[in-house]
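Written out below as structure tokens is the structure these notes cover.
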Amino acid sequence: MLPQPAWLWRRVVRRRPILPVVQRGILGGTFDPPHLAHLFAGEAAYRDLDLDVVTFIPAGAPWQKAGQYVTGADDRWQMVQLAVAAADYFEADDREVRRDGWTYTADTLESFEPDEEITLVLGADAARGIVSWQRSVDVLSRVRVAVMPRPRVERSEVDWVLRGRNYVWLDTPELVLSGTILRERAATGRSLRFLVPDAVWEYIQEHGLYGAQ
């Protein structure tokens, strides 16, 4: 009998498949209420940056709104779920709603898997003020920032703040739409229909939010 080649005696090592790194976009905020500009920002980031998923995270107790009235976290969470339901690459995440105390982005980012590549999607107004955030250095070292143009914010202002950081501009028009505008509109009896997703508009009507008629 001829001796067998040595390679036949070697133990076969089964290698575990290498899983692809998750490319996650995150849109955080008060979402009071979630509106079409939020969804458009998520859509632009998903398409332009080749993301796997865009995660919408309503703040539980947003520190930037300290001293201001904010619609209850449960209502905002319900509206965000309704808003993102139309796209299978959008998801709603309640980790900040469930957290006690003030909501800080730096803490939220630490709760994701460290090997995920995260893109933080911000309007230019929020990006301009990011250095005022709690532990902003930690935030900026963890994420790529995707900036959506906003009215009355010069691109040069944001470029100055984010110079040397990992950031990109989304190629989108400036949408003059915000939660403040919508709340003021609803409070004067004007309709929010077609400014928010239909399901969100129905929820606002059903629960009498923002003084809606």
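Since every read-out is calculated from the coordinates, none of them should be taken as a lab result. None of the values given here were measured: they were computed from a predicted structure. Here Cβ is always computed from backbone atoms with ideal geometry, including for glycine, and neighbour counts include all displayed protein chains.
Structure notes:
- Simple point charges give the picture: +1 on the Cβ of Lys and Arg, -1 on the Cβ of Asp and Glu, and for the range 20-176 a dipole about the Cα centre of about 560 debye.
- Using alpha carbons only: equivalent-ellipsoid semi-axes of the range 20-176, gyration tensor based, whole Å: 21, 18, 17
- Here's how it looks for residue 94: its modeled amide H is under 5 Å from none belonging to a residue 5 or more places away or on a different chain.
- Helical content alone sets the calculated 222 nm signal of the chain at -9000 deg cm²/dmol, taking -39,500 (n - 2.57) per DSSP H segment of four or more residues and averaging over every residue.
- Comparing mean-square fluctuations of 60, 28, 129 from a GNM of the chain with C-alpha springs under 10 Å, the top value falls on 129.
- Looking at the range 131-213, the trypsin sites (Lys or Arg not before Pro) that sit in a DSSP loop and have at most 10 other Cβ atoms within 10 Å of their own Cβ are 152, 163.
- For the chain: relative contact order, % (alpha-carbon pairs under 8 angstrom, 6 or more apart): 22 percent
- Rounded to 10°, Cα long-axis angle of helix 73-84 versus longest principal axis of the chain: 70 degrees
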